[in-house]
Amino acid sequence: MTDDSRSHSFRDSVQDIAAAAGVPDTPQTRAPAYRLAFTDADFMTREEVRPVRLQLELLKPQIVMDERGIQSTIVLFGGARIPAPDRAETARVPALAELSKYYEEARRFARLMTERSMKSYGRENVIATGGGPGVMEAGNRGAHEAGGQSIGLNIVLPHEQAPNEYVTPDLCFNFHYFAIRKMHFLMRAKAVCVFPGGFGTLDEMFESLTLIQTGRMKRVPFLLFGQAFWEKVVNWQALAEAGTISPQDLDLFRYVETAEEAVGVIDGWKGAGC
């Protein structure tokens, strides 16, 4: 990410990092206070520097995606535990094996959308997932099979993990802050597709719907894959009947079952509703 075509004549930070590494070894130069602030991990992780870390975590993916020419994305949310159909026997519980069909639908949907994205040289409607296993892997895999690029927005979790192998390496990001990660999911989103999942998927779905409901985000096609699953998990009608949401809020999303049906809804999108 270094840029030699700078617009100013001042000595740059990369040169000073190299110079600082070669200074004489003295008590003064060994002291933490002498370290360049932006190379000092102890300083950068201090409690008081959190606002700077938040800004950096927002800025780095923004710069990289701008450099790659990413103009819009199709976001896929979904469960990390949902296996591919050929690995369904490894599911933790039988119900997860039954949901493996949504891995295949996510994969096919991502492939279809990426084939279209390639017509804009991979800049528009780029698949974006959380970069992990399950439905996320399926999305990145479908894009990879279509010969296109895809984004993975991973996050550091207590258990050891790595991004799935299908994310485009130069578009694979790692986050500390969930909030900044979710901003990057939605900043370029032209459609949001939610597959069956757990707490993380529910969190992402409800935050996205809240932003749209309150006018903090532009309406986009919002697709829930698997009507039976979602109506069992969330009693949307009860929320409307209780008055905690408006009946019109039920129009903010559409149920779909297949990749082709999802593509059809996106194609038919008029901007005011599905």
**OP:** Among what's in the range 10-63 and is closer than 30 Å to Thr168 by Cβ and in a loop (DSSP other than H, G, I, E, B), pick the residue that is farthest from the chain's Cα centre (by Cα).
**Re:** Asp12
Subject >> Complete set of residues in the range 83-138 that are touching a Cys at 6+ places or on another chain (Cβ under 9 Å) and not in a helix (DSSP H, G or I) >> reply: Gly131
Original post:
Looking only at the range 208-237, which residues are charged (D, E, K, R) and farther than 13 Å from Ala189 by Cα?
Top reply: Arg216, Glu231, Lys232
Subject >> Filtered residues of the range 151-200 (kept if in contact with a Gly (Cβ under 7 Å, 6 or more places away or on another chain) and without any contact (Cβ under 8 Å) to a residue 60 or more places away in the chain) >> reply: Gly152, Asn154, Gln161, Pro163, Asn164, Val167, Cys172
**OP:** Return the total of residues in the range 140-192 being closer than 23 Å to Glu104 by Cβ, surrounded by fewer than 19 Cβ atoms within 10 Å (Cβ to Cβ) and of a type in the set (Ser, Thr, Tyr).
**Re:** 1
Original post:
What number of residues within the range 237-256 satisfy the criterion of being under 27 Å from Val135 (Cα atoms) and surrounded by 15 or more Cβ atoms within 10 Å (Cβ to Cβ)?
Top reply: 6
**OP:** Filter the range 156-215 down to residues that are over 24 Å from Gly142 (Cα atoms), among the hydroxyl-bearing types (Ser, Thr, Tyr) and in a helix (DSSP H, G or I), then give me how many there are.
**Re:** 1
Subject >> Residue tally, condition among the polar types (S, T, N, Q) and touching a strand residue (DSSP E or B) at 6+ places or on another chain (Cβ under 8 Å), over the range 181-216 >> reply: 2
**OP:** Please state which one of Arg111, Arg81 is of a type in the set (Lys, Arg), crowded, with 18+ Cβ neighbours inside 10 Å, touching a Gly at 6+ places or on another chain (Cβ under 6 Å) and under 28 Å from Gly197 (Cα atoms).
**Re:** Arg111
**OP:** Please find, among Pro94, Pro133, Pro85, the residue that is more than 28 Å from Asp66 (Cβ to Cβ) and touching an Asp or Glu at 6+ places or on another chain (Cβ under 7 Å).
**Re:** Pro85
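Any read-out appearing in this document is the output of simple, stated calculations on the displayed coordinates, not a laboratory observation. Because the structure is predicted, anything quoted here is derived from the model rather than measured. Note that we place each Cβ from the backbone using ideal geometry, even for glycine, and neighbour counts take in every protein chain shown.
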